[in-house]
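To start, the structure itself, in structure tokens.
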Amino acid sequence: MASRCELLLICVFSLLFALAQSKTLKRDVKALNEIKASLGWRVVYSWVGDDPCGDGDLPPWSGVTCSTQGDYRVVTELEVYAVSIVGPFPIAVTNLLDLTRLDLHNNKLTGPIPPQIGRLKRLKVLNLRWNKLQDVIPPEIGELKRLTHLYLSFNSFKGEIPKELAALPELRYLYLQENRLIGRIPAELGTLQNLRHLDVGNNHLVGTIRELIRFDGSFPSLRNLYLNNNYLSGGIPAQLSNLTNLEIVYLSYNKFIGNIPFAIAHIPKLTYLYLDHNQFSGRIPDACYKHPFLKEMYIEGNMFKAGVNPIGTHKVLEVSDADFAV
């Protein structure tokens, strides 16, 4: 046991020694210092020294994570959130070519995301939610082939959802809610084999569910579908039941019409079904009331026949960030 502990200590000290001896890539030092010069005092006061990866007795800058590649250190993560950064998106970020995580959420960033964002080919997590970003979502995000988490919610993005997002083979979580997006949701998103969570709620989107799932085998891994608070229309197609991994279907506050198809009751893992504040009519299939997992079904604000009852306690469904932690 002692020899194993000694070996572990030797490995740790060797790693620390190597890190201490390595020099930070000049490209990353220059980029972080440019970012430092453009940010407010809340960040700058904790960024001491000229080297973001630490220098001598100085630790790495707060929110900056580095790793060793050969003889150099590179910046792999930048997490500067909830510190009231004001101003445009710091374009120097796009020079940090080894970033795997970029988290600038809950600040006051304005203007567009620069198209140079497509340079960050190693990026897995891009979190820009809760800012004041504007303009269109750049199609260059579709060049980030390793991206698994994309958070752009609670901003002021306009225009259409770029179909280029369908070129992200590893994407699991896509958050676009609470923006000013228009047009139709690209059906191409249904080809994303790993997408588990799609939230486009609270925008100005139009179209139908049938258009969204028109491709065979659409959304094979999707668990949570949030379409609420838009201008979507048409009925619920029976083909929605082909999305057999669905757990949450949130259709509230749209312009949906027609009867609820019997097939909906056969989505095996369906747990939450929100139909309220649309123009649905007829009856709810009896099988819904016998579904083994369906905990809540909201139906108010429709034109269902008398005797149709909701299911569950009717509390507002809140999904915390912790539920989608990396």
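Please specify each residue of the range 221-233 satisfying the condition of being open to solvent by less than 20 Å² (accessible area, probe 1.4 Å) and of a type outside the set (S, T, N, Q).
Once the filter is applied, which keeps residues that are open to solvent by less than 20 Å² (accessible area, probe 1.4 Å) and of a type outside the set (S, T, N, Q), the range 221-233 yields L222, L225, Y226, L227, L232.
Could you give me the residue pairs with C-beta distances under 8 Å whose first residue belongs to the range 73-87 and is more than 16 Å from L32 (Cα to Cα), whose second residue is modelled with pLDDT of 90 or more and assigned to a loop (DSSP other than H, G, I, E, B) wherever it lies, and which are 6+ apart or on separate chains?
From residues that are more than 16 Å from L32 (Cα to Cα), the pairs are A82/H105; A82/N106; A82/N107; V83/N107; S84/N107; V86/N107.
Need pairs with beta-carbon distance below 7 Å; first residue open to solvent by 10 Å² or more (accessible area, probe 1.4 Å) and within the range 163-178, second of a type in the set (G, A, S) and in a helix (DSSP H, G or I); sequence gap 6+ or separate chains.
What qualifies is E164/G142; A167/G142.
Could you go through the range 280-300 and let me know if any residue there is modelled with pLDDT of 95 or more, under 22 Å from the mean Cα position of the chain (by Cα) and under 23 Å from S153 (Cβ atoms).
So far as the range 280-300 goes, no, none of its residues is modelled with pLDDT of 95 or more, under 22 Å from the mean Cα position of the chain (by Cα) and under 23 Å from S153 (Cβ atoms).
If you check P90 against the conditions, is it at negative phi and under 18 Å from the mean Cα position of the chain (by Cα)?
Here the answer is no, as P90 does not meet what is asked.
Please count how many residues of the range 22-45 are in a helix (DSSP H, G or I), of a type outside the set (F, W, Y), at pLDDT below 95 and out of contact with any Pro (no Cβ under 6 Å at 6 or more places or on another chain).
Matching residues across the range 22-45 total 7.
Please work out if V44 is touching an Asp or Glu at 6+ places or on another chain (Cβ under 9 Å) and under 21 Å from T24 (Cβ atoms).
No, not satisfied.
Scan the range 64-87 for residues that are open to solvent by less than 60 Å² (accessible area, probe 1.4 Å), on the phi > 0 side of the Ramachandran plot and assigned to a loop (DSSP other than H, G, I, E, B) and jot them down.
A82, S84
For the range 190-213, which residues satisfy the criterion of being open to solvent by less than 50 Å² (accessible area, probe 1.4 Å) and over 21 Å from F256 (Cα atoms)?
Matches in the range 190-213: L192, L195, H197.
Return the residues of the range 247-289 that are in contact with a helix residue (DSSP H, G or I) (Cβ under 7 Å, 6 or more places away or on another chain), open to solvent by 20 Å² or more (accessible area, probe 1.4 Å) and farther than 20 Å from N228 by Cα; say none if nothing qualifies.
Of everything in the range 247-289, those that are in contact with a helix residue (DSSP H, G or I) (Cβ under 7 Å, 6 or more places away or on another chain), open to solvent by 20 Å² or more (accessible area, probe 1.4 Å) and farther than 20 Å from N228 by Cα turn out to be F262, A263, H266, A287.
Checking P59 against (1) open to solvent by 50 Å² or more (accessible area, probe 1.4 Å); (2) within 27 Å of H149 (Cα to Cα), which single condition isn't satisfied?
Of (1) open to solvent by 50 Å² or more (accessible area, probe 1.4 Å); (2) within 27 Å of H149 (Cα to Cα), only one is false for P59: (2).
Open to solvent by 20 Å² or more (accessible area, probe 1.4 Å) and within 28 Å of the chain's Cα centre (by Cα): does that describe G217?
yes
L240 - would you say it is within 24 Å of P220 (Cα to Cα) and part of a strand (DSSP E or B)?
When the stated conditions are applied, L240 does not pass them.
Quick check on my filter: what residues within the range 290-312 are more than 21 Å from Y226 (Cα to Cα) and exposed (fewer than 13 other Cβ atoms within 10 Å of the Cβ)?
K290, P292, M303, K305, A306, G307, N309
Using beta carbons and a limit of 6 Å, which pairs, at least six apart or on different chains, have the first residue in the range 241-270 and on the phi > 0 side of the Ramachandran plot and modelled with pLDDT under 95 and the second one in a helix (DSSP H, G or I) and open to solvent by less than 60 Å² (accessible area, probe 1.4 Å)?
The qualifying pairs do not exist here.
The values are calculated or read from the model by the stated rules, or taken from the named source; none is laboratory data. If you're wondering where the values come from, they're calculated on a predicted model, not measured in any experiment. Note: ideal-geometry Cβ built from the backbone for every residue, glycine included; neighbour counts use all protein chains shown. The accessibility values were calculated without ligands, DNA or RNA, using every heavy atom of the protein model including side chains. Shrake-Rupley method; radii C 1.70, N 1.55, O 1.52, S 1.80 Å.
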